Amino acid sequence: MEEIMEKIKARDPGEREFQQAVSEVMESSKPVLDKHPEYGHASILERIVEPERVIIFRVPWMDDRGSVQVNRGFRIEMNSAIGPYKGGLRFHPSVTLSILKFLAFEQVFKNALTTLPMGGGKGGSDFDPKGKSDNEVMRFCQSFMSELFRYIGPNTDVPAGDIGVGAREIGFLFGMYKKLRNEFTGVLTGKSLNWGGSLIRPEATGYGCVYFASEMLNTQNTSIEGKTCIVSGSGNVAQFTVEKILALGGKVLTLSDSSGYIFDETGIDEKKLQYVKRLKNVRRGRIKEYAEEYPDAVYTPSDPSAGYNPLWDHKANCAFPCATENEINDKDARNLVNNGVTLVCEGANMPTTPEGINVFLDSHVMYAPGKAANAGGVAVSGLEMAQNSMRISWPRQEVESRLQIIMKSIHKTCLEAAEKYGAPGNYMDGANIAGFVKVVEAMMDQGLV
């Protein structure tokens with residue numbers, strides 16, 4: 001295993017995020033490999049860490065001043081052993097090959113946990129939609145899809161949204177795909193309801209994260225009701241995480257964006273949440289405006305040089321990191337533990353560093369990794385694909401009921417896998433092992449391809 005990690009580091013020396021994701025899965029999967037030497041003979045690890053296909057392309061587009069801009073586009077088609085590639089598109093200046101490979105690698109096992117037939121992929125661009133007009137975003141999306149359309153399809157690769165890619169961007173991307181292919185198919189998920197989208201899809205990741213946390217708390221004979229919660233982020237995942245926490249009787253104190261965070265000791269109620277949705281989804285403003293609207297709240301600007309994030313240094317029972325990767329380091333994790341947090345449920349992808357995870361596990365904090373806890377989003381994307389294939393639309397209650405069943409199933413699967421391989425109660429090992437075993441068994445069945 002160490003030899004494989006050294007090969008990855010030598011081959012992809014700058015891909016820190018990808019190496020981190022691979023290392024975590026390999027460490028958890030060691031008991032599986034020890035029990036199944038045939039996986040080693042088939043070089044499963046060497047194969048599973050290598051993408052089936054990596055597509056990189058230029059994206060030229062014209063801004064409103066008539067100047068030509070050029071960005072870089074990516075699609076990582078990581079693994080299709082259990083279904084067509086499935087995973088979001090991220091438009092953000094931080095997008096690199098390493099970040100997308102880590103996200104695609106995580107997606108493979110996350111999708112396997114949903115029980116739905118979906119492989120793993122991820123894509124995006126270093127384009128930043130912030131500050132761009134609708135026409136500029138449309139021109140970029142059309143240029144992006146004019147290359148990507150060659151590699152995707154409802155039975156091949158089905159992208160969705162992610163950071164920087166919401167309903168507006170999905171609409172522009174779908175429209176261009178439809179024009180180029182001259183067909184109306186379920187090639188993207190996260191579509192608007194009146195042209196093939198699914199009810200609950202926007203809410204799914206946040207709702208699913210809270211459902212998973214509820215299952216974790218149920219094992220301790222308690223619930224979200226009455227719990228004080230810290231949430232990071234203020235986008236789609238964070239908004240609906242807050243919404244479901246409130247619905248289940250919890251209290252939320254914080255939200256954030258890249259500029260800083262707000263702490264509202266009185267709690268973010270339904271009215272305040274609606275303000276945040278208008279602020280971020282319609283006006284596309286910054287979270288500091290929340291403190292201007294509600295003066296009792298305190299806004300703290302971000303300080304990358306501090307070495308920790310003060311958002312995680314407040315008294316609470318539960319933490320829901322819903323912003324971005326590696327937002328909780330070991331110091332943040334210790335602050336959470338010292339402030340009484342007993343549950344951490346990840347709405348974002350890999351938001352906790354390995355050192356932070358170790359702090360949680362050593363302190364016996366119930367810790368749910370993103371590949372399990374935030375799988376609700378891709379689960380409902382899979383349900384959207386099913387509805388598109390059948391040319392039907394399920395009512396809201398049915399989709400949410402299916403989401404709850406899937407999150408309960410993932411929770412049970414994680415605990416059973418952890419128990420089976422000698423790590424009872426360890427959700428990280430359970431999620432990694434359960435997803436790994438399902439994908440590997442499919443790869444073994446399908447031969448050397």
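Figures for the structure shown
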quantity	calculated
Sole exception among (1) surrounded by fewer than 16 Cβ atoms within 10 Å (Cβ to Cβ); (2) touching a residue at least 40 places away in the same chain (Cβ under 8 Å) for R278, by number	(2)
Flag if Y308 is without any contact (Cβ under 8 Å) to a residue 60 or more places away in the chain and of a type in the set (F, W, Y)	yes
Candidate set from the range 3-21 (those that are touching a helix residue (DSSP H, G or I) at 6+ places or on another chain (Cβ under 7 Å) and not in a helix (DSSP H, G or I)); member that is farthest from M78 (Cα to Cα)	G14
Qualifying residue in the range 370-386 (condition: among the acidic types (D, E) and touching a helix residue (DSSP H, G or I) at 6+ places or on another chain (Cβ under 7 Å))	no
First in the range 97-126 and assigned by TED's automatic domain parsing to the domain that holds P159, second anywhere and in a loop (DSSP other than H, G, I, E, B) and modelled with pLDDT under 95, Cβ under 6 Å, 6 or more apart	L103/N349; E106/N349
Residue satisfying all of: in the range 106-159; assigned to a helix (DSSP H, G or I) and of a type in the set (D, E, K, R); surrounded by the fewest Cβ atoms within 10 Å (Cβ to Cβ) among these	D134
Of all residues in the range 307-356 being in a loop (DSSP other than H, G, I, E, B) and among the hydrophobic types (A, V, I, L, M, F, W, C), the one that is farthest from S98 (Cα to Cα)	A316
The range 358-389, subset surrounded by fewer than 23 Cβ atoms within 10 Å (Cβ to Cβ), within 23 Å of T219 (Cβ to Cβ) and touching a residue at least 60 places away in the same chain (Cβ under 8 Å), residue farthest from the chain's Cα centre (by Cα)	L361
Residues of the range 273-301 that turn out to be within 18 Å of L253 (Cβ to Cβ) and assigned to a loop (DSSP other than H, G, I, E, B), as a count	5
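The values are calculated or read from the model by the stated rules, or taken from the named source; none is laboratory data. Remember, predicted model here, so these are calculated numbers, not experimental data. Backbone-built Cβ (ideal geometry, glycine too); neighbour counts: all protein chains shown.
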